[in-house]
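Okay, handing you the structure first.
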Amino acid sequence: MSTAAGEARDLIRGCLDLPALLDRIGDEEDLVGSGVNSGEIVRIALRCEHRMGRLLTDAELTELSTVRAVAALLSAADPAGHTETKVVR
Amino acid sequence: MSGTTVAGRGLAGAVGRFVSVPEAHARYDTDPDSAARWLRLPAEAIAGLAEAGVPHRADPGRGPLFDYIDLVNIAMFSGSGQSVPELALRFLLRFAASPPASWYKPRDWLVGIRLPQAPGDPAPPVRVRVPDLGAEGVSVVPEAAARGLSPPASTDPLAEGYRAVVRLAGARRTIRDRRVRAVCTEVVQALTRGTVVYQTVPESLRTVHHQAWTLGMADCIVVSRLLADRIRELGRPARARRGYLLGLVGSDHAWCEVYEDACWKQLDAVFAYVASGGGRDRNLAMDAPEFAAACFGSRFNRLLPCVADEAAPLVYFGAQPAPPWALAGVSASPWRPPDGPVSIGASRPGEPMNAATSRRVDR
């Protein structure tokens, strides 16, 4: 598993009521289709915003449906692989 | 801040800022622990709402039992800016800040409906509404259909979930009839002034939308039905529509349509209210006058109408409308044809997707 995917999984796992659910979801599988509920998706988006220190654009939000998409978003924001949390609000 | 919980101290401050569900329509069956799980609010703070005057029924075993809708509104009006309902709406409306051309261009969406599990033993059957393929601006995407992602062909509610790709094409339009514009403006202003509070309303009150409006409470469904009635009183065909607002997820939404110039034009008073600065106390407000104006007639490529007369509920548990949490399994994402030939695993149209299934995203 790549570092980016691992970081994405850590972020997502922290947003789930049942974190173990993530262990059964592949990187490219649709999160909601795999059992993640919309409230948890909302929290994932919020956590991404905190991590990146800015609001996500509509285009970024609509793509945020898989582990791979979350990893790509975080990688684009922090290509050096840093994971410092930035609180913006 | 983790962003996953709301500080408990602010919850009681929401009391009095919205209209509580009248006792005749209330269902005091939500305990603090369940509410904490669904709304990400601290259970202790929820239990404390009983002393703050929130209507409830005392249960010696489960603690105070609240109406779920009251708790959703408390989350919305607590001013935290972090509760799930307000965040979801804020994320979903972010598209209004995009260039106007992006509101209308044809867009392909992969929509997934994961069937909720109804409570009870035996659990009642669950049925979900299907996309209205006969609606203007809604069409099947041939490349997706070839991969088994056609929307359900039936117009009847389904007893199984589905994954389907739909193409939504918007249209930039305006309402010419000044009387219709005036009626819609009046509704938007009632919400903006706070004469009527934009809040979540229980399904039983949505069916008596005039009563809800008189009580001072309205959501998109109440507003869409009220507008349709008022426009029909003017002698012009109108209807309330209900479906999904697509974006980060798929969310239950309703709007009104009026027939003019040989087509149905959309009127979205709730979008117009938010785009005009309404809901500032809930961090919903936007300063988007161009979008607010577009809500008077234009069709957006984010709204997927379902086959549901007069904004009927989208999910049923048995014969009863399902509670709001039943829509927590609706996904939405842009769809792009994958490279290469149609995959061997392509399945039948309207492929079912139930709670236990897990599928790869095709894009």
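Read-outs throughout are calculated quantities, based only on the coordinates presented, and are distinct from any laboratory measurement. Only a predicted model underlies this, so the values are computations on that prediction, with no experimental measurement involved. Virtual Cβ from ideal backbone geometry, glycine too; neighbours counted across all protein chains shown.
Magnitude of the Cβ-charge dipole of region A:3-77, K/R +1 and D/E -1, about the Cα centre, nearest 20 debye?
For region A:3-77, the charge dipole is close to 240 debye.
Give me the inter-chain shielding for B:85-94: mean count of other chain Cβ atoms within 10 Å, whole number please.
Across the residues of B:85-94, the mean count of other-chain Cβ atoms within 10 Å is 4.
Still on this structure: Choose one of B:144, B:226, B:104: the residue whose Cα lies farthest towards the positive end of the charge dipole of region B:76-228 (beta-carbon charges +1 Lys, Arg; -1 Asp, Glu; about the Cα centre).
The Cα lying farthest towards the positive end belongs to B:104.
Related question: Which percent of the Cα-Cα distances in region B:226-279 go past 15 Å?
In whole percent, the long-distance tail amounts to 55.
What's the magnitude of the charge dipole for the protein assembly as shown around its Cα centre, counting Lys and Arg as +1 and Asp and Glu as -1 at the beta-carbon? Answer in Debye, nearest 20.
Dipole magnitude for the protein assembly as shown comes out near 1000 debye.
Mean residue ellipticity at 222 nm from the helices of chain B, using -39,500 (n - 2.57) per DSSP H segment of n ≥ 4 over the full residue count, to the nearest 500 deg cm²/dmol?
It comes out at -7000 deg cm²/dmol, rounded to the nearest 500.
What is the Cα radius of gyration of region B:119-162 over 2.2 N^0.38 Å, N being its residue count?
In units of the globular-protein estimate, region B:119-162 measures up at 1.48.
What are the extents of the Cα atoms of chain A along their three principal axes, listed from largest to smallest and rounded to whole Å?
On the principal axes, chain A reaches 29, 26, 22 Å in Cα extent.
Please say if the protein assembly as shown is rounded, prolate or oblate, where rounded means a/c under 1.5 for a ≥ b ≥ c the square roots of the C-alpha gyration tensor eigenvalues, and otherwise the choice is prolate for a/b larger than b/c and oblate otherwise?
In terms of gyration-tensor shape, rounded.
Simple spin-label model, 7 Å along Cα-to-Cβ: residue B:179 to residue B:136 in nm?
In this crude label model, residue B:179 to residue B:136 measures out at 2.1 nm.
Could I ask something else about it? From other protein chains only, count the Cβ atoms within 10 Å of every residue's Cβ in A:59-69, then give the mean.
Partner-chain Cβ atoms within 10 Å, mean over residues of A:59-69: 5.
Charges only on Cβ, +1 for Lys and Arg, -1 for Asp and Glu: so what's the dipole of chain B about the Cα centre, in debye to the nearest 20?
1040
Per residue of A:45-53, what is the mean number of Cβ atoms on other protein chains within 10 angstrom of that residue's Cβ?
3
Hey, another quick one. I need the peptides A:61-72, B:165-176 ranked by packing, meaning the mean over residues of other C-beta atoms within 10 angstrom, with the highest value on top.
A:61-72, B:165-176
Divide, for chain B, the radius of gyration over alpha carbons by 2.2 N^0.38 Å, where N is the residue count.
0.99
Right, something else. Picking from A:52, A:62, A:2, whose Cα lies most toward the positive end of the charge dipole for chain A (charges on Cβ: Lys, Arg +1; Asp, Glu -1)?
Of the options given, the answer is A:52.
Output the peptides A:27-34, B:275-282 sorted from most to least packed, where packing is the average of other Cβ atoms within 10 Å over each peptide's residues.
By packing density, highest mean first, the sequence is A:27-34, B:275-282.
If you don't mind, another one. Go ahead and run the numbers for FRET between residue B:211 and residue B:189, Cβ-Cβ distance against an R0 of 22 Å, rounding to 0.05.
Once rounded, the FRET efficiency stands at 0.60.
Pull up all non-local amide H partners of residue B:207: gap of 5 or more, or a different chain, and H-to-H distance under 5 Å with H placed in the peptide plane.
none
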